[in-house]
Amino acid sequence: SPPPERGPQPMNVVPPQHAILQRDNRTYAITPRIPAGLLHRHHLLAIAAVVEKYHIPIVKITSGQRLALVGIEEADLAQVYEELGMSPGTATELCLHYVQACPGTEICRFGVRDALGLGIRLEGLLESRQLPAKLKVGVSGCQFCCGESLVRDIGLIGKKSRWTVVFGGHSGNRPRTADTVGEDLDDDAAVALVEKCLACYVQQARKRERTSRFVERFGVEAFRQIVGAP
């Protein structure tokens, strides 16, 4: 289940890599981290307040269930994050970019697994990891796969109250459907398998090699054997 609401957590310093220079070569965009796409009331109030105060011209919902605040002056970046009370999300670094999750059993009548709860758990587990390339995770609480799990680097799909774990999906200019690496897993077993997959990926992948291209090069069966998939 979603965690209880927390008050703002001040951020006094914003590293430059957490802001993206825009086409005008003057202003920046930021993507605050929103675990599993969940926003609480105080987040919404803080976002509205900084957009008004700093005259931020564009607020864009991204494909990864985040908000991009676009057109921020460089001098305002640290203060905007402090007033948002939200930690920075990543958009270009070689690490977790986001965990995308459907409503799951919290809201949706079709959900058979708690996608939001597991999505938040995975975000907390992976958000500080350094990886060979950017990583995107999709968690779907049923086989309708609204979390886009099959086209994410790591995907989890709820089936008959258990999880299926998939690896190596991609939705870019060379799309790839992820391969199944584990089935009929409870929450803890699914998370443990995700850890094994990432351990192999970190050890064997080349720099900037996404999971899709890594699996194609390394071989699906070889990968399954290493991570202990059936």
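So, with a 1.4 angstrom probe, what is the percent of accessible area on the chain that is carbon and sulfur? Display every interim value, and only then the final one.
Values: 6050 of 11500 Å².
Summing carbon and sulfur atoms, their accessible area is 53 percent of the total for the chain.
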(request) List the relative contact order of the chain as a percent without decimals, with contacts defined as Cα pairs under 8 Å and 6+ residues apart. (result) 15 percent
(request) Over the chain, average the accessible area per residue using a 1.4 Å probe and give it in Å², no decimals. (result) 50 Å²
(message) If I fit a long axis through the Cα atoms of helix 41-53 and take the longest principal axis of the Cα atoms of the chain, what angle between them do I get, 0 to 90°, rounded to 10?
(response) 40 degrees
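Assuming a ≥ b ≥ c are the square roots of the Cα gyration tensor eigenvalues, decide whether segment 167-210 counts as rounded (a/c under 1.5), prolate (otherwise, with a/b larger than b/c) or oblate.
Details: a/c = 3.24, a/b = 1.41, b/c = 2.30.
Because a/c hits 1.5 or more and a/b fails to exceed b/c, segment 167-210 counts as oblate.
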(message) Using C-alpha positions alone, give me the convex hull volume of the chain per residue in cubic angstrom.
(response) 123 Å³
(request) For segment 118-230, just say rounded, prolate or oblate: build the C-alpha gyration tensor, square-root its eigenvalues into a ≥ b ≥ c, call rounded for a/c under 1.5, and beyond that prolate if a/b exceeds b/c, oblate if not. (result) rounded
(message) Using alpha carbons only, how many angstrom separate the centre of segment 192-225 from the centre of segment 95-111?
(response) 24 Å
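Listed here are the pairs 159/207; 136/159; 60/160; 160/207; which of them are more than 32 Å apart at the Cα? Display every interim value, and only then the final one.
On the way: 159/207 34 Å; 136/159 21 Å; 60/160 35 Å; 160/207 37 Å.
Cα-Cα > 32 Å for 159/207; 60/160; 160/207; rest within.
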(message) Explain nothing, just compute: Karplus ³J(HN,Hα) = 6.51 cos²θ - 1.76 cosθ + 1.60, θ = phi - 60°, for every residue of segment 202-210 in order, whole Hz, x for Gly and Pro.
(response) 4, 6, 10, 7, 7, 4, 6, 8, 5
(message) Looking only at Cβ-Cβ distances, which cysteines of the chain have no other cysteine closer than 4.7 Å?
(response) 95, 108, 142, 145, 197, 200
(request) Run the dipole for the chain about the Cα centre, Lys and Arg Cβ at +1, Asp and Glu Cβ at -1, nothing else charged, and hand back the magnitude in debye, nearest 20. (result) 660 debye
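The values are calculated or read from the model by the stated rules, or taken from the named source; none is laboratory data. Predicted model only: the values in this text are computed from it and were never measured. A quick note on method: Cβ atoms are made from the backbone with ideal geometry, for glycine too, and the neighbour counts reach across all protein chains shown. Note: areas computed on protein heavy atoms with side chains; ligands, DNA, RNA excluded. Shrake-Rupley method; radii C 1.70, N 1.55, O 1.52, S 1.80 Å.
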